[in-house]
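In what follows, a structure is listed as structure tokens, so that the remarks can point back to it.
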Amino acid sequence: MTRFILTRLALLVPVLLGVTIIVFVVMWLVPGDPATSILGTFATPENLAKVRSELGLNEAMPVRYAIWLTGVLHGDLGQSYILHRPVLDELLDRLVPTLLLAGASLALCSVVGILLGIVAAIRQNAWPDRVITLVVLLGVSTPSFWLGMLLILWFAVRFAWLPAGGMQDMFGPGGPGEIARHLILPTLALAAVPAAVLVRLTRTAMLEVMRQDYVRTARAKGLREGRVILRHAFLNALVNVVPIIGIEAGYVLGGAVYIESVFQWPGIGRMLVNAISTRDIILVQGGVLIVAAAYVVINLLTDIAQGVLDPRIRNA
Amino acid sequence: MSGAQGIAVPLAPTPASRPSSAGVWRRFMRSGMAVAGAGLLLVVVALVLAAPFLPLSDPDRTDILHRMARPLTTGHLLGTDELGRDLLSRVIWGTRLSLLVGVVAATLSSLIGSALGVVAAYYGRAVDTLVMRGVDMLMAFPYLLLALAIVAALGPSLGHAMLAIIIVNVPFFARAVRGATVSLRQSDFIAAARLMGQSNLRIIATELLPNVLPVVVVTASTSVGWMILETAGLSFLGLGAQPPVADLGGMLGSARNLINVAPHVAAVPGLAILLIAIGVNLVGDGVRDALDPRLRAGGLARISAVTEVAPDRPMPAQPPSDALLSVRSLRTEFRSGGQVWRAVNDVSFEVRAGEAVGLVGESGSGKTVTALSIAGLVASPPGRIAGGSIRFKGQELIGAPLAALQDIRGNRVAYMFQDPLTTLNPLLTIGQQISETVRRHQGLGPRAAMAQAVTLLEQVGITDPAQRARSFPHELSGGQRQRVGAAIALANSPDLIVADEPTTALDVTTQARVLALMNEQRHRLGAALVFISHDMGVIAELCDRVHVMYAGSIVESGRVADVLSRPAHPYTIRLLACVPRPGQARREVEPIPGLPPATNALPPGCAFAPRCDLAIAACSAGAIPMVAVGQEHAARCVRTRDALQEAAA
Ligand code: SF4
């Protein structure tokens with residue numbers, strides 16, 4: 001097991017390097033002079049020159065990448081010229097709310113998605129399966145940002161049960177209760193689509209596994225259906241479902257951009273949208289990098305979870 | 001398919017066969033949901049195509065006096081937005097734009113992605129590595145975030161948003177198409193095309209592309225919905241379509257702040273996106289299901305805990321005997337696609353306490369299905385027991401309540417299956433898999449049950465059993481795995497062990513050892529045995545009596561010694577010719593020419609007639625009864641009767 005985890009950790013290095021390359025390349029797709037777009041058209045020539053030398057804009061691409069990567073490895077993600085503060089500080093302030101929202105949504109969609117998927121599989125073609133299939137169809141067809149608006153309309157405006165957003169400071173007065181109240185609606189909005197996807201895939205995985213010979217063996221031993229389904233079928237289905245949870249983490253982290261905007265959630269997603277509209281390229285670059293890194297780490301965790309479940313994977 | 005149960009139900013045709021377009025169309029049309037989705041989309045498309053000719057007001061004309069008018073206001077069917085623009089007009093034009101962007105994005109990303117995938121797979125090596133590493137890198141990103149980053153760099157505009165969506169979707173197509181192409185690349189027809197000196201481009205265009213097309217279509221049809229939603233999302237954030245032009249996402253974005261005062265401004269474009277996405281998803285699912293070979297083969301139906309039993313099944317005429325197991329007129333069939341395969345067709349036999357009975361025949365003869373029918377383990381759907389009676393210790397098993405069957409399974413009637421690599425659960429240790437049956441039937445606690453599992457492992461000849469109990473199936477050799485299978489079967493000292501070709505996958509030496517061990521343990525417990533094999537030699541070593549099966553029927557029964565020395569049915573004679581004699585390699589044995597008939601189209605009379613050297617007209621005239629040829633020895637052949645009469649005359 002230790003060896004398995006170490007191998008996975010080692011494999012992380014090239015993936016993370018790849019991520020930095022993509023972030024770097026994409027950000028320098030910016031048309032025109034980057035220094036001008038960072039500082040705006042009214043920047044003084046001195047400031048422009050300063051930025052150019054800071055970012056190594058006079059150097060060749062690979063050299064610039066090397067300079068930037070060295071900075072990143074030392075925790076220096078550059079300076080936001082709009083907010084006048086280091087990018088890393090800004091990101092750290094906003095990372096916790098985003099991880100909280102994404103984590104809550106991922107947990108919710110996994111639990112709901114897997115449970116409903118199992119129910120749909122073992123009640124295949126009976127009414128629970130049909131109802132679930134219909135709900136799933138609605139789930140994958142509803143844009144999350146519209147769902148967020150609907151939730152606000154009903155639960156915040158009409159019934160006034162929950163706040164419509166406006167969470168400003170995670171660590172302000174009110175404590176965890178206040179955070180939880182603000183968290184409910186955005187979590188629901190963000191979890192709906194991935195939950196629907198997980199229901200589908202869990203259902204299919206369960207139906208596939210239920211046809212396997214070892215399920216027949218379990219039945220031939222006289223085990224009760226509950227045990228056959230949970231211990232023999234579900235455990236094997238889970239091996240195929242866990243990587244999907246990893247993929248859905250990507251959806252959740254990306255979708256957080258919409259949901260944070262709809263619910264005024266003080267996370268990286270909303271920061272990114274603001275930064276894009278103010279053309280704060282350096283801040284966007286840092287934000288994208290840190291979220292992508294979080295995604296890579298989550299996928300590492302699902303890889304490891306798969307290894308824990310399946311001895312063939314961890315011994316391979 | 002996993003070939004669950006090794007039943008010879010011919011399902012899909014050859015795996016490489018291309019789905020016929022007529023068949024795909026039929027399957028698509030059979031799904032009511034998919035047709036409904038297609039209808040919905042057609043209406044939407046017709047509406048947006050007709051937009052310029054409809055009596056709509058200018059979608060961009062503002063009218064501050066009539067801003068945020070409710071739906072059903074005169075002149076504004078769906079009301080107006082915050083600038084007094086007509087929502088009906090805006091939603092139709094917006095839908096037009098959203099659909100256009102979605103279709104263009106899907107087309108371009110599927111073209112680019114498929115091209116990359118085909119090239120990577122076809123050229124392999126460095127090209128493959130290069131392309132796929134790039135794909136991996138892109139896929140290491142949350143794709144919405146990547147799209148956002150691209151738009152951030154290029155600047156907000158609908159064109160850039162579309163470009164971003166295309167780029168982030170290319171990897172999905174590349175990966176799917178590469179996977180499909182790699183499996184084709186080694187296939188015969190590609191090799192043939194190469195040998196014929198066709199150019200690479202030509203092979204790709206004429207041989208590969210048509211074959212990977214279903215994969216492209218499935219990926220496209222399932223992702224076009226996402227692409228529409230994603231582009232809408234970017235516009236929603238103000239990064240896509242720029243005012244005053246609005247796609248559906250843009251309309252939602254500007255309605256965001258009106259949610260308290262005029263919720264209908266958001267409801268209109270929201271519902272439009274929902275309807276389009278539902279239509280696209282329904283059609284996508286329909287296309288996928290119609291093209292998926294697995295679903296083509298009858299679907300992923302859930303297999304129930306016990307074989308279905310026909311409620312109006314005929315009861316056997318003969319009363320059951322008081323043997324340990326009495327099978328009378330058993331009929332088990334498979335139903336699929338309007339066809340019925342009569343896998344077991346009126347089979348009767350019995351097993352006395354402590355006795356070993358062999359069922360022998362080629363694959364597809366119904367011997368496995370007969371064995372599985374005993375404890376209701378035939379997969380259903382598609383299997384079902386259509387008639388007969390199975391009595392075990394006087395208790396009728398056909399139609400017995402599941403709970404009663406579960407008390408017997410693994411306890412009084414235990415099974416040992418072929419190929420323990422697929423019949424053992426890969427995720428549980430063998431100790432867990434043995435002890436769970438002990439716990440189930442003996443009510444022991446986990447520790448005591450595990451201790452017993454270790455003892456059982458020792459009894460079946462596993463060295464270092466305590467250590468081995470913690471191993472997983474894949475860590476054992478084939479012979480060891482089969483011993484584990486034996487341990488599971490023996491765990492609760494059953495009265496009857498049903499062993500389905502338990503040693504076929506093993507080499508001859510290991511096979512002999514496992515068989516000897518199984519027999520020894522069986523005798524120790526005094527358990528009866530039903531042993532299924534295609535190998536008369538193995539049956540001869542183990543069994544007291546044997547039933548030869550052909551095309552779902554027993555064609556000869558008798559004591560093993562009698563059947564071996566005086567086989568009465570031509571099929572048995574041919575089968576015995578397949579048994580290698582000492583000093584003769586197995587491969588030199590002459591197989592029986594021809595194939596057994598498919599049990600969905602059994603000929604009248606003797607099913608062996610097409611392959612039988614002795615066949616005469618009478619063989620195909622009608623049902624042939626079992627004819628006694630000696631004591632406890634009978635055969636189902638008209639010529640046997642002739643032979644007897646000749647002998648008598
Ligand atoms: S009945 Fe006729 S065809 Fe069938 S085995 Fe006997 S001789 Fe051959």
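The values are calculated or read from the model by the stated rules, or taken from the named source; none is laboratory data. Source: prediction; values computed, not measured. Cβ atoms come from the backbone with ideal geometry, glycine included; neighbour counts cover every protein chain shown. Heads up: the accessible areas ignore ligands, DNA and RNA and are worked out on the full protein's heavy atoms, side chains in. Shrake-Rupley method; radii C 1.70, N 1.55, O 1.52, S 1.80 Å.
Output the number of the condition that A:ARG231 fails; it satisfies all remaining conditions of (1) surrounded by fewer than 24 Cβ atoms within 10 Å (Cβ to Cβ); (2) over 20 Å from A:PRO311 (Cβ atoms); (3) of a type in the set (D, E, K, R).
Among (1) surrounded by fewer than 24 Cβ atoms within 10 Å (Cβ to Cβ); (2) over 20 Å from A:PRO311 (Cβ atoms); (3) of a type in the set (D, E, K, R), the lone unmet condition for A:ARG231 is (2).
Do you know which residues across region B:601-612 are in a loop (DSSP other than H, G, I, E, B), in contact with a Lys or Arg (Cβ under 9 Å, 6 or more places away or on another chain) and more than 6 Å from the ligand (Cβ to nearest atom)?
B:LEU602
Can you give me the number of residues within region B:225-264 that are among the β-branched types (Val, Ile, Thr) and buried (at least 24 other Cβ atoms within 10 Å of the Cβ)? Before the answer, list the steps.
Going residue by residue through region B:225-264, those that are among the β-branched types (Val, Ile, Thr) are B:228, B:231, B:245, B:259, B:261.
So of that shortlist, the ones also buried (at least 24 other Cβ atoms within 10 Å of the Cβ) come out as B:228, B:231.
Counting residues in region B:225-264 that are among the β-branched types (Val, Ile, Thr) and buried (at least 24 other Cβ atoms within 10 Å of the Cβ) gives 2.
Could you figure out which of (1) open to solvent by 10 Å² or more (accessible area, probe 1.4 Å); (2) touching a strand residue (DSSP E or B) at 6+ places or on another chain (Cβ under 6 Å) isn't true of B:GLY361?
Going through the list (1) open to solvent by 10 Å² or more (accessible area, probe 1.4 Å); (2) touching a strand residue (DSSP E or B) at 6+ places or on another chain (Cβ under 6 Å), B:GLY361 breaks only (1).
Considering only residues that are free of Cβ contacts under 8 Å to residues at least 24 places away in the same chain and not hydrophobic (A, V, I, L, M, F, W, C), which ones fall in region A:1-32?
Residues satisfying the conditions are A:THR2, A:ARG3, A:THR7, A:PRO14, A:GLY18, A:PRO31, A:GLY32.
For region A:1-58, give me the residue count where each residue is acidic (Asp, Glu) and part of a helix (DSSP H, G or I).
In the first step, residues of region A:1-58 are kept if they are acidic (Asp, Glu); the result is A:33, A:46, A:54.
Adding the requirement that they be part of a helix (DSSP H, G or I) leaves A:46, A:54.
Residues flagged as acidic (Asp, Glu) and part of a helix (DSSP H, G or I) within region A:1-58 amount to 2.
Can you give me the number of residues within region B:97-120 that are at pLDDT below 90, surrounded by fewer than 21 Cβ atoms within 10 Å (Cβ to Cβ) and of a type outside the set (A, V, I, L, M, F, W, C)?
Number satisfying all stated conditions: 0.
Among B:ASP188, B:ASP81, B:ASP128, which is the only one that is within 20 Å of B:ILE276 (Cβ to Cβ) and of a type in the set (Asp, Glu)? Give the steps one after another, and end with the answer.
Working: B:ASP188 fails: within 20 Å of B:ILE276 (Cβ to Cβ); B:ASP128 fails: within 20 Å of B:ILE276 (Cβ to Cβ).
Answer to the selection: B:ASP81.
Does A:ALA218 meet the test of being touching a residue at least 40 places away in the same chain (Cβ under 8 Å), open to solvent by less than 10 Å² (accessible area, probe 1.4 Å) and either within 11 Å of chain B (Cβ to nearest Cβ) or among the hydroxyl-bearing types (Ser, Thr, Tyr) (or both)?
Values: touching a residue at least 40 places away in the same chain (Cβ under 8 Å): no; open to solvent by less than 10 Å² (accessible area, probe 1.4 Å): yes; either within 11 Å of chain B (Cβ to nearest Cβ) or among the hydroxyl-bearing types (Ser, Thr, Tyr) (or both): yes.
No: the conditions fail for A:ALA218.
What is the number of the single condition among (1) open to solvent by less than 70 Å² (accessible area, probe 1.4 Å); (2) farther than 17 Å from A:ILE290 by Cβ; (3) without any contact (Cβ under 8 Å) to a residue 24 or more places away in the chain that A:VAL51 does not meet?
Failed condition: (3).
Can you confirm whether region A:145-162 contains a residue that is open to solvent by less than 70 Å² (accessible area, probe 1.4 Å) and more than 30 Å from B:HIS264 (Cβ to Cβ)? So that I can check it myself, show each step before the final result.
Here is the first cut: in region A:145-162, the residues open to solvent by less than 70 Å² (accessible area, probe 1.4 Å) are A:145-153, A:155-157, A:162.
In the following step, the residues that additionally are more than 30 Å from B:HIS264 (Cβ to Cβ) were identified as none.
Checking region A:145-162: not a single residue is open to solvent by less than 70 Å² (accessible area, probe 1.4 Å) and more than 30 Å from B:HIS264 (Cβ to Cβ).
Based on this model, can you work out whether B:GLN242 counts as touching a Leu at 6+ places or on another chain (Cβ under 9 Å) and outside any helix (DSSP H, G or I)? Break it down into steps so the answer makes sense when it comes.
On the way: touching a Leu at 6+ places or on another chain (Cβ under 9 Å): yes; outside any helix (DSSP H, G or I): yes.
Judged against the criteria, B:GLN242 is a match.
Out of the residues in region B:613-628 that are open to solvent by 50 Å² or more (accessible area, probe 1.4 Å) and assigned to a helix (DSSP H, G or I), which is farthest from the ligand (Cβ to nearest atom)? Spell out the reasoning first.
Initially, region B:613-628 is screened for residues open to solvent by 50 Å² or more (accessible area, probe 1.4 Å), giving B:613-614, B:616-618, B:620-621, B:623, B:625-626, B:628.
Okay, now just the ones that are also assigned to a helix (DSSP H, G or I), so B:617-618, B:620.
On the way: B:ALA617: 9, B:ALA618: 7, B:SER620: 8 Å.
Selected residue: B:ALA617.
Out of the helices (runs of 4 or more DSSP H) lying entirely within region B:121-209, which hold 2 or more residues that are farther than 23 Å from A:ILE244 by Cα and modelled with pLDDT of 85 or more? So that I can check it myself, show each step before the final result.
On the way: elements: B:125-139, B:143-154, B:158-185, B:188-195, B:200-203.
Those helices (runs of 4 or more DSSP H) span B:125-139, B:143-154, B:158-185.
Just checking, does region A:222-232 include any residue being of a type outside the set (Gly, Ala, Ser) and in contact (Cβ under 8 Å) with a residue 60 or more places away in the chain? Before the answer, list the steps.
First, the residues of region A:222-232 that are of a type outside the set (Gly, Ala, Ser): A:223-225, A:227-232.
Imposing the further condition that a residue be in contact (Cβ under 8 Å) with a residue 60 or more places away in the chain reduces the set to A:229.
Yes, the conditions are met somewhere in region A:222-232.
Among the residues in region B:259-272, are any in contact with a Lys or Arg (Cβ under 9 Å, 6 or more places away or on another chain), free of Cβ contacts under 8 Å to residues at least 24 places away in the same chain and farther than 19 Å from B:HIS160 by Cβ? Break it down into steps so the answer makes sense when it comes.
Pass one, region B:259-272, residues in contact with a Lys or Arg (Cβ under 9 Å, 6 or more places away or on another chain): B:262, B:264, B:266, B:268-269.
Still in the list and also free of Cβ contacts under 8 Å to residues at least 24 places away in the same chain: B:266.
From what's left, farther than 19 Å from B:HIS160 by Cβ: B:266.
Yes, region B:259-272 contains a residue that is in contact with a Lys or Arg (Cβ under 9 Å, 6 or more places away or on another chain), free of Cβ contacts under 8 Å to residues at least 24 places away in the same chain and farther than 19 Å from B:HIS160 by Cβ.
Keeping to region A:226-245, report how many residues are within 11 Å of chain B (Cβ to nearest Cβ) and touching a Leu at 6+ places or on another chain (Cβ under 8 Å).
Here is the first cut: in region A:226-245, the ones within 11 Å of chain B (Cβ to nearest Cβ) are A:226-229, A:231-239.
Now restrict to residues that are touching a Leu at 6+ places or on another chain (Cβ under 8 Å): A:231-232, A:235-236, A:238-239.
Matching residues across region A:226-245 total 6.
How many residues are more than 16 Å from the ligand (Cβ to nearest atom) and either modelled with pLDDT of 90 or more or within 11 Å of B:SER557 (Cβ to Cβ) (or both) if we restrict to region B:631-641? Explain how you work it out, then say what you get.
Taking region B:631-641 and keeping what is more than 16 Å from the ligand (Cβ to nearest atom), we get B:631-632.
When the remaining residues are screened for being either modelled with pLDDT of 90 or more or within 11 Å of B:SER557 (Cβ to Cβ) (or both), the result is B:632.
The number of residues fulfilling the criteria is 1.
What number of residues within region B:397-427 are more than 7 Å from every other protein chain (Cβ to nearest Cβ), surrounded by fewer than 21 Cβ atoms within 10 Å (Cβ to Cβ) and free of Cβ contacts under 8 Å to residues at least 60 places away in the same chain?
Here the count works out to 4.
Provide a single number: the residues in region A:276-304 that are assigned to a helix (DSSP H, G or I) and open to solvent by 40 Å² or more (accessible area, probe 1.4 Å).
6
Of all residues in region B:486-510, count the ones that are touching an Asp or Glu at 6+ places or on another chain (Cβ under 9 Å) and surrounded by fewer than 21 Cβ atoms within 10 Å (Cβ to Cβ).
Qualifying residue count, region B:486-510: 2.
Go through the residues of region B:115-134 one by one and say whether even a single one is within 10 Å of another protein chain (Cβ to nearest Cβ) and over 31 Å from the mean Cα position of the chain (by Cα). Reasoning before the result, please.
So the first thing to find is which residues in region B:115-134 are within 10 Å of another protein chain (Cβ to nearest Cβ), and the list is B:133-134.
So of that shortlist, the ones also over 31 Å from the mean Cα position of the chain (by Cα) come out as B:133-134.
For region B:115-134, residues within 10 Å of another protein chain (Cβ to nearest Cβ) and over 31 Å from the mean Cα position of the chain (by Cα): present.
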